1. Using alpha-carbon pairs under 8 Å, 6+ residues apart, how would you state the relative contact order of the chain in percent?
2. Given a 10 angstrom Cα cut-off, can you work out which residue in LEU72, LEU21, LEU94 is the most mobile in a GNM of the chain?
3. What ranking do 207-215, 85-93 get when scored by the average of other Cβ atoms within 10 Å per residue, highest first?
4. From a point 7 Å beyond the Cα of ASP142 in the direction of its Cβ, which residues of region 196-224 have a backbone N at a distance under 16 Å?
5. Assuming R0 = 30 Å, what is the FRET efficiency of TYR32 and ILE251, from their Cβ-Cβ distance, to the nearest 0.05?
6. Rounded to the nearest 10 degrees, what's the angle between the helix 124-143 long axis and the longest principal axis of the chain, both from Cα atoms, 0 to 90?
7. I'd like the distance between the alpha-carbon centres of region 22-64 and region 108-140, rounded to an integer number of Å.
8. Could you tell me how many cubic angstrom of Cα convex hull volume region 7-142 has per residue?
Amino acid sequence: MPETKIPVLETKKLGITFGGLKAVQDFNIQIYEGELVGLIGPNGAGKTTVFNMLTGVYLPTEGSVLLNGEVLNGKKTHQFVAAGVARTFQNIRLFKDMSVIDNVKTAFTKDIQYNMVDALFRTPKFWKTEKELTEKALDLLDIFHLQEKADWLASSLPYGQQRKLEIARALATDMKLLLLDEPAAGMNPTETAELLECINTIRNRFGVAILLIEHDMSLVLNVCQRIQVIDYGQTIAKGLPEEIVKNPKVIAAYLGE
């Protein structure tokens, strides 16, 4: 990447300590617009802890998190979202008693142009905005082939489609950085293949920076442009997918013989 270009995400010597234990230390990464980078490593290596620092859930004890050059340390989770950071979780977190389309519309907070009075009295401004938000939500659902199920309860979707809905809702925040935490967990091979297609569509259509945690190495190797590997909270390797799978340290710590 050109040195003059500002990365969407940059961390500098990022670290966090819990009760004297260094869970993550000296974590440095740069991701540029349109890039998809994988973060892999054994269970307990610190991957989700990194995500929690990148979203304001945890306050780093050292180092910094920058989004498009702006330092985000100390901001609340909702401020990370407002700045342009969105994530999914290992365990699906949907509003399961709400419809599929309403799950997506809850994320359009930046696009709501009416106030409480407009909502109570159903003014023309309210209906105009709701129509626009519905159309935007349907466009996102169409990417994941969920448009025909817009009125279904989220809880009634199959597991793989609930995963897709969670990603669609993240996209609705109009983010600059998308963090995907094990999106293929629990999916069968067919669902994983569909997810791979969707992730590629997201990157190509929206041009966002994506950081992916995933244990399904077939997915990682097929979708990631670069991979960073951590073990015991420290980076042990960085590089192209074909370099990572041959790296002796990665084989010993994670991939096996």
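1. Values: 464 pairs, mean separation 70.6, N = 257.
This gives 27 percent for the chain.
2. It is LEU21.
3. Values: 207-215: 21.3, 85-93: 17.9.
Descending packing order for the listed peptides: 207-215, 85-93.
4. 201-202, 205-206
5. Working: r = 28 Å, r/R0 = 0.94.
It comes out at approximately 0.60.
6. For 124-143 against the chain, the angle is about 40 degrees.
7. The distance from the Cα centre of region 22-64 to that of region 108-140 comes to 36 Å.
8. Working: hull volume 21.8 nm³, N = 136.
Given the Cα convex hull of region 7-142, per-residue volume reads 161 Å³.
Read-outs throughout are calculated quantities, based only on the coordinates presented, and are distinct from any laboratory measurement. Because the structure is a prediction, the values reported are computed rather than measured. Every residue, glycine as well, gets a Cβ built from its backbone with ideal geometry; the counts of neighbours run over all protein chains shown.
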